[in-house]
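Trainee: Below is one structure. I have some questions about it.
Values in this text are rule-based calculations from the coordinates and carry no lab data. These figures come from a predicted structure and were not determined experimentally. Glycine also receives a Cβ, built like all others from the backbone with ideal geometry; neighbour counts cover every protein chain displayed.
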Amino acid sequence: MTTMLPVLRVSALNKSFVVHAQGGLALPVLRDVALSVAPGECLALVGPSGAGKSTLLRSLYGNYRPQSGSIQVRHHDRWVELVGAEPRITLDVRRRTMGFVSQFLRVIPRVGALDVVAEPMVRLGASPEDARRRAGLLLGLLGIPERLWPLPPATFSGGEQQRVNIARSLIADYPILLLDEPTASLDTANRDRVVELVRRRREAGAAIVGIFHDVAVRDAVATRLHDVALPGAQP
Amino acid sequence: MNAPLLSARGVTRRFGGRIACREVSFDLWPGEVLGIVGESGSGKTTLLNCLAGRLAPDEGTITYDSAAAGTVDVHALSEARRRLLARTEWGFVNQDAREGLRMGVSAGANIGERLMAIGARHYGSIRQTASDWLARVEIDLDRLDDRPTTYSGGMRQRLQIARNLVSEPRLVFMDEPTGGLDVSVQARLLDLLRGLVDRFHLSAVLVTHDLGVARLLTHRLMVMQGGRVVEHGLTDQVLDDPQHAYTQMLVASILPV
């Protein structure tokens, strides 16, 4: 049992998608979700495909907008409610407190990999030199060869883009990390590098929520499992 | 961060019997880039012109937190004071660079003119700042003394941006800044704008019909249809989890590459 207080608390969370092109068809996805995560914990979301694991993760990041319920995040030593939050509140939480690794990198035209990775740290006020040094360190740890650093990642392989994405999300030392299949397109060696980085971040006190289809990865990083049931299924 | 930079309340504008924008209200906070998206005729540009003091609304108010004068009601100011505000604290990037530039004078003079408007007098330092900005928007220095009539469309647009940003405005209005440019030219301009927004912590209101441009440059979006704001939120929320039927249709209409 952990003795740390949670930094992320979710209760009675409901999310459905209303598709207007289908005559207003409502697809319920999350029903009364509740969970909490403390520093040093890694909560793995498990459940069948289509159960809403990604929807839950995206809702936690404020990317999807739940209809009701509560997502509270410890931010600047106070609790902030993200459901229905003003954009600038969510943005500030993302800038300082919560990082997200999506499955795919959203490429920015003409910006090199090193600067893509360094950007979140620069936005937090670090000098570009310090941020680039740290970015280089992370890219090195993730096995991205130095000759690729100045190049825009648009032409990189899927696995390389994925690692650039991970480096970008780890550079700012967010207290809360959300990981959506961070090792999906990686080979074994690179998968192990990512596992090692995530585990180190967890041991340093990050609170992590993730989706890991690879059971070996899940076993290596998760401290707890959270079942996400198919909508309509009995608990 | 304690007060909005720009606030609109119930802004409505009619043209004859037609309502171009209807009861629009929002707050823009310092450092935010707000995108206004929607199809042609949805009222985006009318709203932008009302916000920027170029077109008086029939109803509603627009207030701005001025560095020089505190909170002002933009449309209650005298014409002279509104022009002063636009010259000293704001920028306006037109879709057509010819409307935002003086085509008959050199690029250097286009940039220098804005500096002189805010009180710069030393020729050497004006020319130096103009050169710095030309480099920043990636225009060769040997084009400093050329007129914008000799520039390509993409270069003109970059020059217009330099002319607007050289005076370090607190708020920039942009009307389709990448409209009508080739895709590669557009990418370069977007990258440039994105860097400048970050570096100078610009606050901006950007009108575009291109959701890709909105994704790249804005923090927040307002979606307009028939003069009304039908949806607003963080840019990624609106594009990834659109709620309104019209927004869902817009997002579904993006061509995949």
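Trainee: Between A:D173 and A:L151, 0.36 nm times their residue separation minus their Cα-Cα distance comes to what?
Mentor: On the way: separation 22, 0.36 × 22 = 7.92 nm, distance 2.45 nm.
Contour length minus Cα-Cα distance gives 5.5 nm.
Trainee: Same structure, new question: Could you tell me the extents of chain A's C-alpha atoms along the three principal axes, largest first, rounded to whole Å?
Mentor: Largest first, chain A extends 52, 41, 36 Å along its Cα principal axes.
Trainee: Still on this structure: Taking the 0 to 90 degree range and rounding to the nearest ten, how far is the long axis of helix B:79-88 tilted relative to the main principal axis of chain B, both from C-alpha atoms?
Mentor: Helix B:79-88 and the main axis of chain B meet at about 70 degrees.
Trainee: Taking Cα centroids, how far is region A:69-93 from region B:187-257 in Å?
Mentor: 22
Trainee: Relative contact order (percent) for chain A, with alpha-carbon contacts under 8 angstrom and 6 or more residues of separation?
Mentor: On the way: 433 pairs, mean separation 66.3, N = 235.
About 28 percent, as a whole number.
Trainee: What FRET efficiency do you get for B:A76 and B:L141 if R0 is 35 Å and r is their Cβ-Cβ distance, rounded to the nearest 0.05? Each step should come with its number before you reach the end.
Mentor: Working: r = 44 Å, r/R0 = 1.25.
Efficiency for this residue pair is about 0.20.
Trainee: Related question: Return B:S40, B:S125 ranked ascending by Cβ neighbour count within 10 Å, so the fewest neighbours appear first. Working shown, then result.
Mentor: Numbers: B:S40 7, B:S125 11.
So the residues, fewest neighbours to most, are B:S40, B:S125.
Trainee: Taking H placed 1.01 Å from N in the peptide plane, check which residues at least 5 places from B:Q95 or on another chain put their amide H under 5 Å from its amide H.
Mentor: HN-HN under 5 Å from B:Q95: B:D175.
Trainee: Binning at 20 Å from 0, report for the protein assembly as shown what percent of all alpha-carbon pair distances ends up in each bin.
Mentor: Whole-percent P(r) values from 0 Å outward: 21, 52, 25, 2.
Trainee: Any idea how far the Cα center of region A:116-142 sits from the one of region A:151-169, in Å?
Mentor: Spelled out, the Cα-based centre of one part sits 14 Å from the other.
Trainee: Please give the calculated 222 nm ellipticity per residue for chain B, where each DSSP H segment of at least 4 residues contributes -39500 (n - 2.57) and the sum is spread over every residue; nearest 500 deg cm²/dmol? Kindly include the intermediate steps, with their values, before the conclusion.
Mentor: Working: 10 runs with 98 residues, N = 257.
-11000 deg cm²/dmol, from helical runs alone.
Trainee: Fewest to most neighbouring Cβ within 10 Å: what's the order for A:M98, B:M249? Provide the component values of the computation, followed by the final result.
Mentor: Numbers: A:M98 26, B:M249 14.
The fewest-first ordering by Cβ neighbours comes to B:M249, A:M98.
Trainee: With a 10 Å Cβ neighbour count serving as the proxy for reagent exposure, in which order, fewest first, do B:D175, B:D58 appear?
Mentor: Numbers: B:D175 22, B:D58 13.
Ranked by crowding around the Cβ, least crowded first: B:D58, B:D175.
Trainee: Separate question: In nm, give the distance between the simple-model label positions of B:D198 and A:Q103, each being 7 Å from the Cα along the Cα-to-Cβ direction.
Mentor: 2.7
Trainee: Report the label-to-label distance for B:R121 and A:V18 in nanometres (one decimal), using points 7 Å from each Cα along the Cα→Cβ vector.
Mentor: It is 6.3 nm.
Trainee: Would you look at the GNM of chain B, springs on alpha carbons closer than 10 Å, and say which of B:S42, B:S131, B:S152 moves the most?
Mentor: Most flexible of the set in this elastic network: B:S152.
Trainee: Take chain A, connect every pair of alpha-carbon atoms lying under 10 Å apart with a spring to form a Gaussian network, then pick out the residue of A:A206, A:A113, A:A189 with the largest mean-square fluctuation.
Mentor: So, out of A:A206, A:A113, A:A189, the one fluctuating most is A:A189.
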